[in-house]
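Data block below; observations after.
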Amino acid sequence: MSYFSTDIFEGEMAHARFYDEEIRKQIPKCHYRKYTISEIINSIIGSGFTLERFDEHPSWENEKLPGEFTAIAIKR
């Protein structure tokens, strides 16, 4: 899938991977879309927040790739 794709697809909720397979089968699927970092940051700014800090964290599967981030913003 392209990094810039706006397609919506079905998949497991992010936390489902932490449960045993039997429980995972009971958790409903969800529809979601992947957003680019610029879409996320521009949404924060566009909602009237001031971005104070933005940190990227490595992927759990491959520490050479980004996986998660922390954004700290304040609405004044």
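The values are calculated or read from the model by the stated rules, or taken from the named source; none is laboratory data. Quantities reported herein were computed from a predicted structural model and do not represent experimental measurements. All Cβ positions, even for glycine, are placed from backbone atoms using ideal geometry, and neighbour counts span all protein chains on display. These area figures cover heavy atoms from the full protein model, side chains too; ligands, DNA and RNA do not enter into them. Shrake-Rupley method; radii C 1.70, N 1.55, O 1.52, S 1.80 Å.
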- request: Kindly check whether there is at least one residue in the stretch 16-29 that is within 13 Å of the chain's Cα centre (by Cα) and not basic (Lys, Arg).
  value: no
query: For residues in the stretch 2-17 being at pLDDT 95 or above and of a type in the set (S, T, N, Q), which is most open to solvent (accessible area, probe 1.4 Å)?
result: Thr6
- prompt: How do the pairs read when you match residues in the stretch 1-19 that are farther than 9 Å from Lys34 by Cβ with residues anywhere that are open to solvent by 80 Å² or more (accessible area, probe 1.4 Å) and assigned to a loop (DSSP other than H, G, I, E, B), using Cβ under 6 Å and keeping only pairs 6 or more apart or on different chains?
  reply: Glu10/Lys29
message: Being within 16 Å of Ala14 (Cβ to Cβ), assigned to a loop (DSSP other than H, G, I, E, B) and of a type outside the set (Phe, Trp, Tyr) is the filter here; which residues of the stretch 57-75 pass it?
response: Ser59, Glu61
- request: Tally the residues that are open to solvent by 100 Å² or more (accessible area, probe 1.4 Å) and part of a strand (DSSP E or B), restricting the search to the stretch 18-56.
  value: 3
